[in-house]
Structures are given as C-alpha cells and as structure tokens.
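To start, the structure itself, in structure tokens.
Any read-out appearing in this document is the output of simple, stated calculations on the displayed coordinates, not a laboratory observation. The structure presented is a predicted model; accordingly, all values stated were derived computationally and were not measured. Because the Cβ atoms are built from the backbone with ideal geometry, glycine has one as well, and the counts that use them run over all protein chains shown.
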Amino acid sequence: MSTVSIGLLPTGIGEPVQATVGRTARYLRETWLLVVRSLRTVPRVPERLSDVTIQPVVFTLLFLYVFGSAIHVPGLSYQNYLVPGLVGQGVAFGVIGAGVATSTDFTSGVIDRFRSLPITRLSVITAQVVGQMLEQILGMMIYIGVGLAAGWRPQFSTAGLAEFIGLVLLGVFAFNWLGVLLGMMVRSSDAMQGIGFALVFPLSFLAGAFVPISGMKAVPRAIGNWDPLSAFVAAMRHICQGTNAQGSWQLEHPIVAMLGWSVILIGVCVPLALRRFRRVESAI
C-alpha cells in the first residue's frame, strides 16, 4: 500500500501544477495576441498615435519657446526644468489614451466578439494595458528625443538612468489602469476624452511641470504641493537634474511619494477595473 501511495504522490501534485502552468501560458499567449491585434490597427489608422507622436513635439517646442522666454528658474536652464516635467506629465496622460481605447472597445462591439471566442477574459483587459503602455513608451521617447535636440542635458548616472526608466514604466502602468477603469465607466470615447483632459490637464499645470510651484498664488500653491502629479514631476526632475523641491513632504521626498502614489493607484484601480470588467462582460 505504501509503495502505491508513494508512486501516486508525484502525479497528484504534478497535475495541479501542470494545469496552472498551462493556464498561465495560455493567458500570456492570448494577451500577446490581443496586443499584436491592437498594434496592427496602427498602420491603418496612424492618427490614433497622434497623442504620443505629434503632441510631445508640440508641447515641448511650444512651452520651451513661449514660456522659456519669460520664465527664469534659478540654477537651471528652462530646457532642464521643462523636459523632466513634460515626462512626468506624459506619464499621467496615459489615463486619456487607455481610457479612450477601452471605451471604444466596449462601445463598438469588440467585447461582444471576444466573448464568443474561447479566450481568457482577463487577457482582454491586460492586453489593453500592455498595448497602451507600448504607445506611451513611444511618446516618452519622443519627449526625450525632442528635449535633447532642444538643449536638455540630463545629469544622471547609469544607475540613475535605470531608476528613471523603472519609475516611468511604473507610473505609466499605474495611470493606464486608472484609464482602463474610467474607460469602462463612461458611455463613450468622446466623454472619456473630455473627462480625461478636464482631470489631467489642470493637475499637470498645478504640478509644476511648466512653472515652479513656489511662485504660484496661495490656493494653487497649496493644491500643487499635494497634487499627485507633483510627486511624479519632482521625481523626474530630481533624477534627471539632481534638484530638490520644497513646499510639502511629497516634494521633498518625490521618489518615495511617486512610488506610494503608484502603489495606491494600482492597488485601487486593478481590482475595481477587474470587477467592473466582469460586471460589464456578464451583462453583454
């Protein structure tokens, strides 16, 4: 009896493990296929990338050569002040792209077609996040390329560069989940775009991306000191230029604050987005 039991033990343990590995592999494969499906639409509709290709160029040149002629930042050229701020702002603008793409899929019948296929439900929403992250990374590269061409000179080491890349990816991931959640809650992509701009644009101006928070009036300065985007902007500037902001705890500890805000966004938005997805998917 003992010999039979011992002989069956590895099989009994191995089957659940193999099933788990098989489900994980299927989930990853289907997520990748859906990401590729999303990217294949870009050559047919190239204007969908305008927010991560044209917008970074316009923002960088417009604010650099309009604001740069009127704003003096002690100890920094305006290029070195502006570009890290634009990168921090660009992280937050992932809310709009992810939200619009998600809302479009949910209102155009794409989810209906996915529901009829033998596909892992979670892969649908994960692919949305990954696809939007790839687009946002393209936008970040354009911000950096245009900034370097315009005279931006970052001062980080190799370790600082790795830290910069890691924080940008974490921030993009967090804000894309917020965008996916909002995209499933609104009724149309147009509404999502309007809500996204109304939410992100004022916060990015108050976050010190373009002008120092310390020079603002009392009310906007108080908001800017605790604006979540202020931590992202201050963290980018701290890593790239070695500057330290003053005014609130999160500005004085921007990297810790940025990590904290990212963890909060992910911890809140991921379960809510998954719950919302199951609710919407079951109602179709």
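The value obtained for the chain, namely the Cα convex hull volume divided by the number of residues, is 175 Å³ per residue. Listed peptides 232-243, 195-206 appear in the order 232-243, 195-206 once ranked by packing, highest mean of other Cβ atoms within 10 Å at the front.
Net charge dipole, the stretch 128-284: roughly 260 debye, given to the nearest 20, about the Cα centre with Cβ charges of +1 for Lys and Arg and -1 for Asp and Glu. Around the Cα centre of the stretch 2-283, unit charges on the Cβ atoms of Lys, Arg, Asp and Glu (plus for the first two, minus for the last two) sum to a dipole of about 520 debye. Net length available on complete extension from residue 67 to residue 249 is 62.8 nm, with 0.36 nm assigned per residue and the Cα-Cα distance removed.
In the stretch 155-284, the C-alpha radius of gyration followed by the widest Cα-Cα span (Dmax) gives 16.6, 52 angstrom. Per residue, the chain reaches -26500 deg cm²/dmol at 222 nm when only DSSP H runs of four or more residues are counted, each adding -39500 (n - 2.57).
Every Cα-Cα pair in the stretch 89-208 was counted, and those over 21 Å apart are 46% of them. Here the stretch 137-174 is scanned for amide nitrogen atoms under 17 Å from the site 7 Å beyond the Cα of residue 199 along Cα-to-Cβ, giving 171-174.
The angle separating the long axis of helix 228-241 from the principal Cα axis of greatest extent in the chain is about 70 degrees.
Helix 78-92 and the long axis of the chain differ in direction by around 30°, with both axes built from C-alpha atoms.
Taking label positions 7 Å along the Cα-Cβ direction at both residue 53 and residue 156, the computed distance is 2.6 nm, reported to one decimal.
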